[in-house]
Amino acid sequence: MRPVATEGSITDDGIARLRSRIGIPEPHPVPPHYTVPGVDAFRHVAQAYGDDNPLWSDDEYAATTCWGGVLAPPPLVGGDSLIGVDEVTEVPAEHRDLMRGDPLRGVHAFYSASAREWWAPLRPNQSVTRRNALVGVLDKSSEFAERAVHEWTAQVFRQADGPVLSAQYRLMIRTERTKARERKKYDAVELRPYEDEEIAAIEAQYASEKRRGTETRDWEDVQVGDPVGPMVKGPLTVTDMVCWHVGMGMGLYGVKPLRLGYQNRTRIPRFFHRDDLNVPDVMQRVHWDPEFARRSGNPTTFDYGRMRETWLIHLCTDWMGDAGWLWKLDCEFRRFNYVGDTQWLSGSVTNHYLAEGGRPAIDVELTATNQRGELTTPGHATILLPSREHGSVRLPDPPGGAQNLQEALQAISNRYTGG
């Protein structure tokens, strides 16, 4: 979203300099939206993506589950700027020169994919700490813009004086702007009104959806090929975007109103553009102002990719029931989801096996497809299920058996570098 004054190019030297930063922790650009999230925060986040599971917010209900109390909904345990006070508050002196500036300055970056892992539940009113680092830099060819760099960053989270909770990985694809402009990746998008019958079909799907809840889904009762879902989300409205921000905050750029907004503009002036009244406002306005969206090359306003990730999480947690554990989820953001679009979510079980330590697990292929029949968000999930033979879910171990956040970051970096 942020405009760049100069055209950049991808060079071997730039990639090498970027790779030299792998594993070096640095502070997150904005403080967490929730420093000590409680049940109200759990409820607000769940409602932001349309999830009303009482496991996230009802003490009396949650006490009857295998968890014995309320849990944070999975999207809260991570989520860019939702939680986590930085353990590292400034770049160590010995790394400051290395970490200064962008080795690929002027090279376009777009948020392409996300992956998540969860290893332990977050209970209400717990402080959470966080570490952030670049973990992978992959040199790729791109149909869209010839050469591209896949830049993976990781954020890992831990309950203060408690277990390592989760990780979130974010893929930014870096492409040269001039080459990207020479090619058109997307065809013209058809934006048309819905027929009454189409709205009725969407509402019928909403009416048919229900949570698995306290009805246990045992591992032995699941087979490869079993469906997950379906679930519908949409038609997307600006109201949905407003409700999203109520729970999720304003994101990575720390968007704020009035005098606080002015102070933010002095910090990141290039993120602000003038509107038709010559008033400076954030480029994030592309998500609710059609004119700002058209300036960015889109026909109208569109969602955040993170929204569709949380929708796929919702699909999984509704299907698996309260006794299951969502271990991993990844997804790609292949197409925009415009205001007025409807996403039809579905999944299929692709693997049924005992994971590390003999944990009963299943893998799921996930899809979000819009009303035009376009696949916008493919993904995968790994879910741990209770078993009549093997017993209740046993939580997974963090990578490398990490006991702290730096160990977790190192183990994750090793995945990308082959270390």
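Taking T377 and the conditions (1) open to solvent by less than 10 Å² (accessible area, probe 1.4 Å); (2) in a loop (DSSP other than H, G, I, E, B); (3) in contact with a Leu (Cβ under 6 Å, 6 or more places away or on another chain), which numbered condition does it fall short on, given that it satisfies the others?
For T377, the failing item is (3).
Answer with yes or no whether R335 is in a loop (DSSP other than H, G, I, E, B), of a type in the set (K, R) and surrounded by fewer than 16 Cβ atoms within 10 Å (Cβ to Cβ).
no
In segment 349-374, which residues are more than 17 Å from G324 (Cα to Cα) and not in a strand (DSSP E or B)?
Q371, R372, G373, E374
Report whether or not L354 is of a type in the set (A, V, I, L, M), more than 30 Å from P193 (Cα to Cα), open to solvent by 60 Å² or more (accessible area, probe 1.4 Å) and at pLDDT 95 or above.
The answer is yes for L354.
Taking A62 as the residue in question, decide whether it is in contact (Cβ under 8 Å) with a residue 40 or more places away in the chain and either among the hydroxyl-bearing types (S, T, Y) or in contact with a Pro (Cβ under 8 Å, 6 or more places away or on another chain) (or both).
So A62 does not fit the description; no.
Just to be sure I understand the filter: pairs with C-beta atoms under 7 Å, separated by 6 or more residues or on different chains, first member in segment 133-147 and under 13 Å from I15 (Cα atoms) and open to solvent by 50 Å² or more (accessible area, probe 1.4 Å), second member outside any strand (DSSP E or B) and modelled with pLDDT of 85 or more. Which pairs pass?
From segment 133-147, the pairs are D139/I15; R147/I10.
For segment 217-245, which residues satisfy the criterion of being part of a loop (DSSP other than H, G, I, E, B), among the aliphatic types (A, V, I, L, M) and open to solvent by less than 20 Å² (accessible area, probe 1.4 Å)?
Within segment 217-245, V222, L236 meet the criteria.
Restricting to segment 295-321, what's the tally of residues that are among the basic types (K, R) and at pLDDT 90 or above?
The qualifying residues number 2.
Looking only at segment 389-419, which residues are in contact (Cβ under 8 Å) with a residue 12 or more places away in the chain, over 22 Å from the mean Cα position of the chain (by Cα) and not in a helix (DSSP H, G or I)?
E389, H390, S392, V393, R394, A402, Q403, N404
The values are calculated or read from the model by the stated rules, or taken from the named source; none is laboratory data. Everything quoted here is computed from the prediction, not taken from an experiment. With ideal geometry, Cβ positions are generated from the backbone for all residues, glycine too; neighbour counts draw on all protein chains shown. Keep in mind that these areas ignore ligands, DNA and RNA; they rest on the heavy atoms of the full protein, side chains included. Shrake-Rupley method; radii C 1.70, N 1.55, O 1.52, S 1.80 Å.
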